[in-house]
Amino acid sequence: MAKGTIDVKNERCKGCAFCVEFCPPHVLALSATYNARGYHPPELIDPERCTGCDLCGLYCPDFAIHGFPLPKSSAVAKSSQPEQPSADTTATSDGIIAA
Ligand code: SF4
Ligand code: SF4
């Protein structure tokens with residue numbers, strides 16, 4: 001499960017590849033597509049290994065990319081669980097009555 005991902009503003013990119021060079025797990029590459037300025041914006045080539053560290057964003061001179069962490073799936077799963085009765089409550093067929 002990926003820990004993070006990126007957001008790329010393609011039209012701001014000038015294809016300098018600083019983000020590609022400085023990404024610690026090397027999960028970026030310049031895409032084959034062109035933006036309106038004639039440059040190749042970056043894309044994730046191994047999304048599962050992006051950590052969301054935002055070093056790509058720190059090195060981008062044009063604020064064209066930033067990385068961010070994804071919500072932890074365990075936190076999402078836990079918050080979607082129904083609440084359990086606490087130890088000082090008694091469950092009956094009609095509902096839950098505090099002890
Ligand atoms: S957020 Fe970090 S790991 Fe993800 S692409 Fe940017 S530099 Fe690489
Ligand atoms: S560092 Fe910024 S301008 Fe350079 S290729 Fe990456 S996104 Fe584009």
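What follows draws every value from the coordinates through simple rules; no lab data is involved. For clarity, every value in this text was computed on a predicted model and none was experimentally measured. FYI the Cβ positions are ideal-geometry reconstructions off the backbone, even for glycines, and counts take in every protein chain you see.
State, to one decimal in nm, how far the label point of Ala32 lies from the label point of Ala2, with both points 7 Å from Cα in the Cβ direction.
Once both label points are built, they end up 2.0 nm from each other.
Which of Tyr39, Pro25, Leu70 sits closest to the plus end of the dipole of the stretch 4-71, meaning its Cα is farthest towards the positive end, when Lys and Arg get +1 and Asp and Glu get -1 on the C-beta?
Tyr39
If you place +1 on the Cβ of every Lys and Arg, -1 on the Cβ of every Asp and Glu, and leave all else neutral, what size is the dipole of the stretch 4-71 about its Cα centre, to the nearest 20 Debye?
With Lys and Arg at +1 and Asp and Glu at -1, about 200 debye.
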